1. Checking the conditions here, which among 9, 21, 76, 49 is more than 8 Å from the ligand (Cβ to nearest atom), farther than 24 Å from residue 108 by Cβ and within 15 Å of the chain's Cα centre (by Cα)?
2. Does region 129-150 contain at least one residue that is under 12 Å from the mean Cα position of the chain (by Cα) and either open to solvent by 30 Å² or more (accessible area, probe 1.4 Å) or within 22 Å of residue 41 (Cα to Cα) (or both)?
3. Can you tell me how many residues in region 152-191 are assigned to a loop (DSSP other than H, G, I, E, B) and polar (S, T, N, Q)?
4. For the subset of region 116-128 comprising residues that are open to solvent by less than 20 Å² (accessible area, probe 1.4 Å) and either in a loop (DSSP other than H, G, I, E, B) or among the basic types (Lys, Arg) (or both), which member is farthest from the ligand (Cβ to nearest atom)?
5. With the checklist (1) under 23 Å from residue 24 (Cβ atoms); (2) in contact (Cβ under 8 Å) with a residue 40 or more places away in the chain; (3) not hydrophobic (A, V, I, L, M, F, W, C) in hand, flag the one item residue 60 doesn't pass.
6. So which of 112, 62, 37, 41 ends up being within 14 Å of the ligand (Cβ to nearest atom), in a helix (DSSP H, G or I) and either touching a Cys at 6+ places or on another chain (Cβ under 8 Å) or open to solvent by 50 Å² or more (accessible area, probe 1.4 Å) (or both)?
Amino acid sequence: MKEDKKPYIILSAAMTMDGKIASKIGDPELSDEDDWKNVHKLRTEVDAIMVGKGTIIKDNPKLHIKYYEHKGYYRIVLDSNLAIPLNSNVITYKSNIYPTIICTTENVSLKKIKKYESKNIRIIKSGKGKRVDLLKLMPLLFKEGIKTILLEGGGNLNWSFIKNDLIDEIRLTIAPLIVGGKNAVSLVEGE
Ligand SMILES: NC(=O)c1ccc[n+]([C@@H]2O[C@H](COP(=O)([O-])OP(=O)(O)OC[C@H]3O[C@@H](n4cnc5c(N)ncnc54)[C@H](OP(=O)(O)O)[C@@H]3O)[C@@H](O)[C@H]2O)c1
């Protein structure tokens, strides 16, 4: 994809020495406070933070900034069928500073869209397939003025970005841990 049509994408993650970004029962403590400070610093430098539906359901992150003064950015969630709970932190927490965009597909009903829009969520539709079409989505986000995105996982979304050759930079923290487990999410999932 032409660089003048897509945001610059930085993949950021903390993983174990065996490449896991969570244990099979959820998110292990992979980052210490210094690492969180680095991640939050990086968040100050981008226009948007992006995560997949799985990360919202499993971790319910706020995707905010601690440690630094900042005027905010977009939070972007990829959710093909509009299924994240309406009481998720990305919907309820400080939406005046971190407005949330949910990217979904053409398949979702207007009724569903209205439910989210009533919570001040912006909906962007991309593609008619089972999942959000990333190649169509990139120019749409770019047109919205989103020039830099910090992609914060999880493993399935990371894979889709890599498969579509959309990653420009990778920032990894490698924790001195081995968790194992075939059901633990890896930095890159997919087929
Ligand atoms: N250590 C770290 O740095 C870090 C960072 C983030 C997350 N995590 C961990 O990662 C785990 C979640 O990872 P995950 O792989 O289960 O979920 P994920 O990658 O966060 O979300 C995947 C989901 O996003 C939706 N999606 C929509 N369009 C997509 C597309 N084009 N490509 C891929 N997915 C798309 C799909 O659900 P629908 O089809 O239903 O829309 C898909 O199942 C959590 O345990 C979390 O703790 C760790």
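The values are calculated or read from the model by the stated rules, or taken from the named source; none is laboratory data. Keep in mind that this is a model prediction, so the values were computed, not measured. Reconstructed Cβ throughout: ideal geometry from the backbone, glycine too, with neighbour counts over all protein chains shown. Note: areas computed on protein heavy atoms with side chains; ligands, DNA, RNA excluded. Shrake-Rupley method; radii C 1.70, N 1.55, O 1.52, S 1.80 Å.
1. On the way: 21 fails: more than 8 Å from the ligand (Cβ to nearest atom); 76 fails: farther than 24 Å from residue 108 by Cβ; 49 fails: farther than 24 Å from residue 108 by Cβ.
Matching residue, one of 9, 21, 76, 49: 9.
2. Step one: filter region 129-150 for residues under 12 Å from the mean Cα position of the chain (by Cα), giving 149-150.
Among the residues that remain, those that are also either open to solvent by 30 Å² or more (accessible area, probe 1.4 Å) or within 22 Å of residue 41 (Cα to Cα) (or both) are: 149-150.
Looking for residues that are under 12 Å from the mean Cα position of the chain (by Cα) and either open to solvent by 30 Å² or more (accessible area, probe 1.4 Å) or within 22 Å of residue 41 (Cα to Cα) (or both), one finds at least one in region 129-150, hence yes.
3. So the first thing to find is which residues in region 152-191 are assigned to a loop (DSSP other than H, G, I, E, B), and the list is 152-154, 164-168, 176-185, 187-191.
Then keep just the ones that are polar (S, T, N, Q); that gives 164, 183.
Number of matching residues: 2.
4. 121
5. (2)
6. On the way: 62 fails: in a helix (DSSP H, G or I); 37 fails: within 14 Å of the ligand (Cβ to nearest atom); 41 fails: within 14 Å of the ligand (Cβ to nearest atom).
So the residue among 112, 62, 37, 41 that is within 14 Å of the ligand (Cβ to nearest atom), in a helix (DSSP H, G or I) and either touching a Cys at 6+ places or on another chain (Cβ under 8 Å) or open to solvent by 50 Å² or more (accessible area, probe 1.4 Å) (or both) is 112.
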